[in-house]
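To keep things clear, I will list the structure first and then write my remarks on it.
The values are calculated or read from the model by the stated rules, or taken from the named source; none is laboratory data. These numbers come from a predicted model, not from an experiment. Cβ placement follows ideal geometry from the backbone for every residue including glycine, while neighbour counts extend to all protein chains displayed.
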Amino acid sequence: PPPVEKYEYQAEVSRLMDLIVNSLYSNKEVFLRELISNASDALDKLRYLSVTDPELSKDAADLDIRIYADKENGVITLTDSGIGMTRQELVDCLGTIAQSGTAKFLQALKDNKDAGGDNNLIGQFGVGFYSAFLVADRVTVSTKSPKSDKQYVWEGEEGSSSYTIKEETDPQLIIPRGTRITLHLKPDYKGFADPERVQKLVKNYSQFVSFPIYTWQEKGYTKEVEVDDDPAESKQDNQDDQAEGKKKTKKVVERYWDWELTNETQPIWLRNSKEVTTEEYNEFYRKTFNEYLDPLASSHFTTEGEVEFRSILYVPPVSPMGKDDVVNQKTKNIRLYVKRVFISDDFDGELFPRYLSFIKGVVDSHDLPLNVSREILQESRIVRIMKKRLVKKAFDMILGISLSENREDYEKFWDNFGKHLKLGCIEDRENHKRLAPLLRFFSSQSENDMISLDEYVENMKAEQKAIYYVASDSITSAKNAPFLEKLLEKELEVLYLVEPIDEVAIQSLKSYKDKDFIDISKEDLDLGDKNEEKEAAAKKEFGQACDWIKKRLGDKVASVQISSRLSSSPCVLVSGKFGWSANMERLMKAQSA
Ligand code: ADP
Ligand code: MG
């Protein structure tokens, strides 16, 4: 037999394997994602090279991945018909850490350790091939490169500082091209060698790998078989049956094993959006996010140039966290793929600002590394550009709903996500221009249907220069605010801000289409109708009364003034120009209570 050669791992690899084996990291299942993504890479390489050298793929035309789970023995075998490895490549790829991803992982791990962190980085990075040792204590890699006429077997064991390479000699194990990885699972993880579990993992992590992934599955079909005559039956009956040409049958299930295609090879986002139906988008939404209601809107787009990615975004029909919870940013709403391999759905404001965290969707990037981590995401220029484009598309989509003929859709949207957009006004100055047209409020002239700021502006009086609002805790109390009298008399429309967040949102916007927002409860409200003569006369007549009232009230008020802003109420309490409005004061009190 050909010799078995022993090699020592590069020191970093030993360290990495040590970490993996001793890791407390609970999400062991990532090993399958890593191995599938390597297989997919190997197939990609072969496909790419065969373009110029068709000889490479002549021995086995099918480019696929096959996963065989042997429950009894606790063994998983993963075979691909990709580019394979030569003997030297085995040493270079599986004995050293040359490539940048894993090296970065080790660096991050070191930084993390220095900072007193734990080992959970493995899940974020994915440690590539070596993640096999999360679940296996022995791994063999039997591989055949088209560049070599021999097939080689690499074998490594948990806890060992060396691995072996020998030539594959068993004729039964010879493959025309590609790589077969065999995982001998640790006793605690033999449960992974379950065809159904493997199927589930494949669906979850690699549903959209562009090569077919087959898993070995037990199947069954029902067939009818004739049953033997019941000896208890009389001969007479039997003859009757035969006379009518009838035979007794029963249904049995025939079981057999076969390869089953487990992934969808053409992800919907790679298809031409003109050829995908709304129902298909909706189904993808429901399937991907485990929803039973259809989304309110979807947007499918590709960006090219500086940064390349494809995406499908959705506006959900309801807010899953409840309408009031706008600060939950960890939603698992965006699934990030890199070249069709699922990377993560655990984002924290990297792809969308938190007020848009209700947007769901998939993003498939061509420019990010497969083992992209939270740290990389946060610092990446590519991600920053992606975020900008995603946010723009999300706004376009929401604007689309607001322009739809079906007013109910936007009412539904606003009911669920209005608070989010108002939070956006406060937190995202850069997008004020996109946010403002989406806002909706009740007003003195529209108490039952909310209006947009555009509708308000259209409805403005010729001489009106500002957008008036009053903040209160309900429409009823807003309506009865004495500040309103003069404005109603002049038929000036006043927005009713009745939700706690409204006032701060409007104040953040400051103006809309060059019209300032003005709080009608503030002391300097100027409706452009000052009559100096009249005011002077009133001051003369009631000045003493004002002084007397101020004396009586003392520190409870800042000042007592003559005003022309009321028409029937005798007096009104207003807020100082620079102070909090009464509404804000009420809110602040409620918060600190
Ligand atoms: P990465 O995939 O980030 O390069 P891995 O640790 O996952 O890192 O894999 C290391 C290297 O081993 C790969 O870059 C590749 O060259 C080689 N390799 C791993 N699996 C396969 C495979 N199934 N077929 C061919 N080469 C492979
Ligand atoms: Mg890899």
Checklist outcome for this item: Exactly one of Tyr337, Tyr355 is surrounded by 20 or more Cβ atoms within 10 Å (Cβ to Cβ) and in contact with a Gly (Cβ under 6 Å, 6 or more places away or on another chain), and that residue is Tyr355
Checklist entry - Of all residues in segment 472-498, which are at pLDDT below 90 and acidic (Asp, Glu)? => result Asp473, Glu485, Glu489
Checklist entry - Just one of the numbered conditions (1) surrounded by fewer than 16 Cβ atoms within 10 Å (Cβ to Cβ); (2) in contact with a helix residue (DSSP H, G or I) (Cβ under 6 Å, 6 or more places away or on another chain) is not true of Asp18; which one? => result (2)
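What is the residue count in segment 92-147 for residues that are among the aliphatic types (A, V, I, L, M), modelled with pLDDT under 70 and within 11 Å of ligand 1 (Cβ to nearest atom)? Lay out the reasoning, then the answer.
Let us first name the residues in segment 92-147 that are among the aliphatic types (A, V, I, L, M), namely 94, 97-98, 103, 106, 108-109, 115, 121-122, 127, 132, 134-136, 139, 141.
Narrowing the set further to residues that are modelled with pLDDT under 70 leaves 98, 103, 106, 108-109, 115, 121-122.
This time we only want the ones that are within 11 Å of ligand 1 (Cβ to nearest atom), so: 98, 103.
Going through segment 92-147 one residue at a time, the tally reaches 2.
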Item to check | In segment 558-572, the residues that are without any contact (Cβ under 8 Å) to a residue 12 or more places away in the chain and either surrounded by 13 or more Cβ atoms within 10 Å (Cβ to Cβ) or touching a helix residue (DSSP H, G or I) at 6+ places or on another chain (Cβ under 8 Å) (or both) | outcome: Ser559, Ser563
Checklist entry - For the subset of segment 350-377 comprising residues that are closer than 30 Å to Val318 by Cβ and in a helix (DSSP H, G or I), which member is modelled with the lowest pLDDT? => result Arg374
Item to check | Hey, Val383 away from ligand 1 (no atom under 16 Å from the Cβ), without any contact (Cβ under 8 Å) to a residue 60 or more places away in the chain and either among the polar types (S, T, N, Q) or touching an Asp or Glu at 6+ places or on another chain (Cβ under 8 Å) (or both) or not | outcome: yes
Checklist entry - So which residues in segment 132-173 are part of a loop (DSSP other than H, G, I, E, B) and buried (at least 20 other Cβ atoms within 10 Å of the Cβ)? => result Val135, Ser145, Pro146
Next on the checklist: Looking at segment 355-366, can you tell me whether even one residue there is under 23 Å from Leu32 (Cβ atoms), within 16 Å of ligand 1 (Cβ to nearest atom) and of a type in the set (A, V, I, L, M, F, W, C)?
Outcome noted: no
Checklist entry - Is there a residue in segment 408-429 that is closer than 15 Å to Asp516 by Cα and either of a type in the set (A, V, I, L, M) or in contact with a strand residue (DSSP E or B) (Cβ under 8 Å, 6 or more places away or on another chain) (or both)? => result no
Checklist entry - Looking at segment 525-545, which of its residues are touching a residue at least 40 places away in the same chain (Cβ under 8 Å) and in a helix (DSSP H, G or I)? => result none
Next on the checklist: Residues that are of a type in the set (Val, Ile, Thr), within 16 Å of ligand 2 (Cβ to nearest atom), more than 24 Å from Thr169 (Cα to Cα) and modelled with pLDDT under 90: does segment 31-51 have at least one?
Outcome noted: no
Next on the checklist: Can you list residue pairs whose Cβ atoms sit under 6 Å apart, with the first residue in segment 250-264 being touching a residue at least 24 places away in the same chain (Cβ under 8 Å) and assigned to a strand (DSSP E or B) and the second being of a type in the set (Gly, Ala, Ser) and surrounded by 10 or more Cβ atoms within 10 Å (Cβ to Cβ)? Count only pairs 6 or more apart in sequence or on different chains.
Outcome noted: Val253/Gly220; Arg255/Gly220
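For the structure I just gave you, tell me whether Asn73 is exposed (fewer than 15 other Cβ atoms within 10 Å of the Cβ), at pLDDT 95 or above and out of contact with any strand residue (DSSP E or B) (no Cβ under 7 Å at 6 or more places or on another chain).
So Asn73 passes the test.
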Item to check | Residue within segment 42-55 that is in contact with a Gly (Cβ under 7 Å, 6 or more places away or on another chain) and closer than 20 Å to Ala136 by Cβ present | outcome: yes
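Take segment 369-379 and flag every residue that is away from ligand 2 (no atom under 16 Å from the Cβ) and surrounded by fewer than 19 Cβ atoms within 10 Å (Cβ to Cβ). Before you say what the answer is, go through the steps one by one.
From segment 369-379, those away from ligand 2 (no atom under 16 Å from the Cβ) are 374-375, 377-379; that's our starting set.
Once the filter is applied, which keeps residues that are away from ligand 2 (no atom under 16 Å from the Cβ) and surrounded by fewer than 19 Cβ atoms within 10 Å (Cβ to Cβ), segment 369-379 yields Arg374, Glu375, Gln378, Glu379.
What tally of residues in segment 431-471 results from selecting those that are of a type in the set (D, E, K, R) and at pLDDT 95 or above?
Count: 6.
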Item to check | Residue match in segment 48-66 (condition: hydrophobic (A, V, I, L, M, F, W, C), over 18 Å from Leu261 (Cβ atoms), touching a residue at least 60 places away in the same chain (Cβ under 8 Å) and within 16 Å of ligand 1 (Cβ to nearest atom)) | outcome: yes
Checklist entry - Under the condition of being within 16 Å of ligand 2 (Cβ to nearest atom) and part of a loop (DSSP other than H, G, I, E, B), which residue from segment 333-349 is farthest from Ser298 (Cα to Cα)? => result Lys339
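Yes/no matrix, rows are residues, columns are (1) crowded, with 18+ Cβ neighbours inside 10 Å; (2) modelled with pLDDT of 80 or more; (3) in a loop (DSSP other than H, G, I, E, B); (4) at negative phi:
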residue: Asn282; (1), (2), (3), (4): no, yes, no, yes
residue: Arg286; (1), (2), (3), (4): no, yes, no, yes
residue: Tyr292; (1), (2), (3), (4): no, no, yes, yes
residue: Ser298; (1), (2), (3), (4): yes, yes, no, yes
residue: Val307; (1), (2), (3), (4): yes, yes, yes, yes
residue: Ile312; (1), (2), (3), (4): yes, yes, no, yes
residue: Gly322; (1), (2), (3), (4): no, no, yes, no
residue: Val326; (1), (2), (3), (4): yes, no, yes, yes
